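Worksheet for the structure shown next.
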Amino acid sequence: MLDLHFWLPLTVLSTSLIAAALIFWIPEHSSQLRTSVNLAAALFKILLMVLILIGVSRGEEFVTQFPLMQDVDFVLRADALGVLFAGLSSVLWLFTTIYAIGYLEQTPNRRRFFGFFSLCVASTLGIAFAGNLFTFVIFYELLTLSTYPLVVHKGTPAALRAGRIYLQYTLAGGLVLLLGVLALHSLVGAVPFAEKDALVALAQQQPHLLQGIFLLLILGLAVKAAMVPLHGWLPQAMVAPAPVSALLHAVAVVKAGAFGIVRVVYDVYGITLSWELGLLLPLGLAAAFTILYGSIRALSQTDIKKRLAYSTVSQVSYIALGISLFGPLGTLGGLVHLLHQGLMKVTLFFCAGNYAETLGIHRIDQLDGAGRRMPATSLCFTLGALGMIGLPPLAGFISKWYLASGAVAIQAYWVIPVLLASSLLNAAYFLPLLYRIWFKPQTEPWPHERQLGRWDTGAWLLIPPVVTATLSLLAGLFAASALSPLAWVELIIQREYLP
């Protein structure tokens, strides 16, 4: 009899791997067949994720496990936290795929692009479902290798340079992470994520050694999470096409780093041990510095995508800040921001891509009057930007509210000025864009205007940001609903972490 609890996590990954193999095999000119494979795989993956989500909500366990070598198992485990990240990735990948189909129409090398695109989603889902550190490292490195061809997709000197920088940072980070994993394994053997007290005895004997290993693990993960000063690859990677930028910032790479930090704090060391070893305050201070630094650097950027890139540097560290607050409210704010930031940031990059493809706009000073020419795209961009600032009732407000509440609950009052300063800086670098879009009249012709559809732009490019902007609004308006991201994060905290 087929054991769905064993096979479902592996099947979710295999969906994207099979799609990648088919796409690499499909001839370059067979666009309709490639599109059909892309969309069918994305939709089937969401269906499988719904089955897993229903099962996990009922307390069922989905585990795929088999030995790789002596004392090392390959483990996929769909727990509540993994489902949060995998669900976000699956949904946003569907809309990023739709967007990429429209964005890359009539361009060369689409077979290569979508093949590696599918490998990226497989790697990301492997990270989400990894049941121990060794499985996590395998998919973490596969994500680096599968995203590199996407970063250099254009093949220009700037793209190739960005790809080299990306590899230098991420491979070095992966090496540091691997050193930390090997050091931990030499002391206590394999540490399944499901066993949260595995290091307690060792902490009593060698606390400083565990602190050093924690530093290695976090440094390795902080590269992809774009924490300062390990963030330098991210702004450089903005030479990639808009679907890749959305992939890097909202769905896969930076989220993989932030998700890994969550796993280390909660599922390897355990939140209580992390607090007792004095690891959370330095992590919180590093996240706070990154939040402010990224926002300040965003102010001076004249390129739209680079401003959004530094915004990502800032915003993703809200996740690390939240989990560094020793209490359920801060954790709630940090984890729900993993999903909220994904919705808002993917919307902003979709819209930036629409401006570039339809009007040739790349710089902020070219946005004057864009709201009249592209009202739907501009409304979506506005919702994404206001959500990042933290205005109610958008999703970003919910994240910041719980982060502030968590800080007050544990008397970490220093976090409040950080959140206030961040929101003011968010407003300072987003509101001038909105002013230009809606209130400044157009005085110069668009750099390169094209009529791509009956509305703002082509339907393939317009539908994804409309849907993701709507979802970010609904996530804030109906945060109290049992079907909201906030409700799922509350389930994670009640079941997985804090008593």
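What number of residues in segment 177-206 are open to solvent by less than 40 Å² (accessible area, probe 1.4 Å), farther than 24 Å from Thr64 by Cα and at pLDDT 90 or above? Qualifying residue count for the region: 2.
Among the residues that make up segment 432-445, is at least one of them without any contact (Cβ under 8 Å) to a residue 60 or more places away in the chain, in a helix (DSSP H, G or I) and either open to solvent by 10 Å² or more (accessible area, probe 1.4 Å) or within 23 Å of Ser311 (Cα to Cα) (or both)? Yes, because at least one residue in segment 432-445 is without any contact (Cβ under 8 Å) to a residue 60 or more places away in the chain, in a helix (DSSP H, G or I) and either open to solvent by 10 Å² or more (accessible area, probe 1.4 Å) or within 23 Å of Ser311 (Cα to Cα) (or both). For segment 1-22, check the following and say yes or no: at least one residue is open to solvent by less than 30 Å² (accessible area, probe 1.4 Å), under 28 Å from Arg112 (Cβ atoms) and more than 26 Å from the chain's Cα centre (by Cα). Among the residues of segment 1-22, not one is open to solvent by less than 30 Å² (accessible area, probe 1.4 Å), under 28 Å from Arg112 (Cβ atoms) and more than 26 Å from the chain's Cα centre (by Cα), which makes the answer no.
Evaluating Leu76 against the criteria (1) touching a Phe, Trp or Tyr at 6+ places or on another chain (Cβ under 6 Å); (2) open to solvent by 10 Å² or more (accessible area, probe 1.4 Å); (3) of a type in the set (A, V, I, L, M); (4) outside any helix (DSSP H, G or I) leaves one unmet condition, (2). For Arg450, the requirement of being out of contact with any Ser or Thr (no Cβ under 9 Å at 6 or more places or on another chain), within 30 Å of Tyr103 (Cα to Cα) and of a type outside the set (Gly, Ala, Ser) is not met.
Could you tell me whether Leu299 is of a type outside the set (Phe, Trp, Tyr), open to solvent by 10 Å² or more (accessible area, probe 1.4 Å) and under 16 Å from the mean Cα position of the chain (by Cα)? It is false that Leu299 is of a type outside the set (Phe, Trp, Tyr), open to solvent by 10 Å² or more (accessible area, probe 1.4 Å) and under 16 Å from the mean Cα position of the chain (by Cα).
Table: residues versus (1) in contact with a helix residue (DSSP H, G or I) (Cβ under 6 Å, 6 or more places away or on another chain); (2) among the small types (Gly, Ala, Ser).
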| site | (1), (2) |
| --- | --- |
| Tyr402 | yes, no |
| Val408 | no, no |
| Asn426 | yes, no |
| Gly458 | yes, yes |
| Ile463 | no, no |
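The conditions of being free of Cβ contacts under 8 Å to residues at least 24 places away in the same chain, within 28 Å of the chain's Cα centre (by Cα), part of a loop (DSSP other than H, G, I, E, B) and over 18 Å from Leu367 (Cβ atoms) are met by Leu391. Checking each residue in segment 40-52 for being in contact (Cβ under 8 Å) with a residue 60 or more places away in the chain and open to solvent by 40 Å² or more (accessible area, probe 1.4 Å) picks out no residue at all.
Assigned to a loop (DSSP other than H, G, I, E, B) and either small (Gly, Ala, Ser) or touching a residue at least 24 places away in the same chain (Cβ under 8 Å) (or both): does that describe Ile361? For Ile361, the condition - assigned to a loop (DSSP other than H, G, I, E, B) and either small (Gly, Ala, Ser) or touching a residue at least 24 places away in the same chain (Cβ under 8 Å) (or both) - is met.
Rundown of residues vs (1) modelled with pLDDT of 95 or more; (2) part of a helix (DSSP H, G or I); (3) more than 26 Å from Asp456 (Cα to Cα), yes/no style:
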{"position": "Gly278", "(1), (2), (3)": "no, no, yes"}
{"position": "Ala286", "(1), (2), (3)": "yes, yes, yes"}
{"position": "Tyr293", "(1), (2), (3)": "yes, yes, yes"}
{"position": "Ile296", "(1), (2), (3)": "yes, yes, yes"}
{"position": "Tyr318", "(1), (2), (3)": "yes, yes, yes"}
{"position": "Leu321", "(1), (2), (3)": "yes, yes, yes"}
{"position": "Gly334", "(1), (2), (3)": "no, yes, yes"}
{"position": "Leu343", "(1), (2), (3)": "no, yes, no"}
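Hey, any hits in segment 327-346 for a residue that's within 22 Å of Leu104 (Cβ to Cβ) and either open to solvent by 10 Å² or more (accessible area, probe 1.4 Å) or polar (S, T, N, Q) (or both)? No; the residues of segment 327-346 include none that is within 22 Å of Leu104 (Cβ to Cβ) and either open to solvent by 10 Å² or more (accessible area, probe 1.4 Å) or polar (S, T, N, Q) (or both). In the condition set (1) farther than 16 Å from Gly102 by Cβ; (2) touching a Phe, Trp or Tyr at 6+ places or on another chain (Cβ under 9 Å); (3) at pLDDT below 95, Ser378 is compliant with all but (3). None of Ala246, Ala222, Ala226 is closer than 30 Å to Ser300 by Cα, open to solvent by less than 10 Å² (accessible area, probe 1.4 Å) and not in a helix (DSSP H, G or I) except Ala226. Of all the criteria given as (1) farther than 23 Å from Leu39 by Cα; (2) assigned to a helix (DSSP H, G or I); (3) open to solvent by 10 Å² or more (accessible area, probe 1.4 Å); (4) modelled with pLDDT under 95, the one not satisfied by Lys154 is (2). For first residues located in segment 144-155 and in contact (Cβ under 8 Å) with a residue 12 or more places away in the chain, partners that are assigned to a helix (DSSP H, G or I) and among the polar types (S, T, N, Q) and lie 6+ apart or on another chain with Cβ distances below 7 Å form the pairs Thr144/Thr170; Ser146/Ser123. Taken as a whole, the condition of being over 25 Å from Leu219 (Cα atoms) and in a helix (DSSP H, G or I) does not apply to Tyr148. The condition of being within 30 Å of His29 (Cα to Cα) and open to solvent by less than 10 Å² (accessible area, probe 1.4 Å) holds for only one of Leu119, Leu142, Leu92, Leu160, that being Leu92. Criterion applied to Ala376, Ala412, Ala421, Ala407 was being of a type outside the set (Phe, Trp, Tyr) and either closer than 21 Å to Ile304 by Cα or within 22 Å of the chain's Cα centre (by Cα) (or both), and the one residue passing it is Ala376.
Taken over segment 63-103, residues that are over 20 Å from Val262 (Cα atoms) and in contact with a Pro (Cβ under 7 Å, 6 or more places away or on another chain) amount to 8.
The values are calculated or read from the model by the stated rules, or taken from the named source; none is laboratory data. None of these values were measured; they are calculated from a predicted model. Positions of Cβ are generated from backbone atoms using ideal geometry, with glycine treated the same way; all protein chains shown enter the neighbour counts. Note: accessible area is taken over every heavy atom of the protein model, side chains too, but ligands, DNA and RNA are not part of it. Shrake-Rupley method; radii C 1.70, N 1.55, O 1.52, S 1.80 Å.
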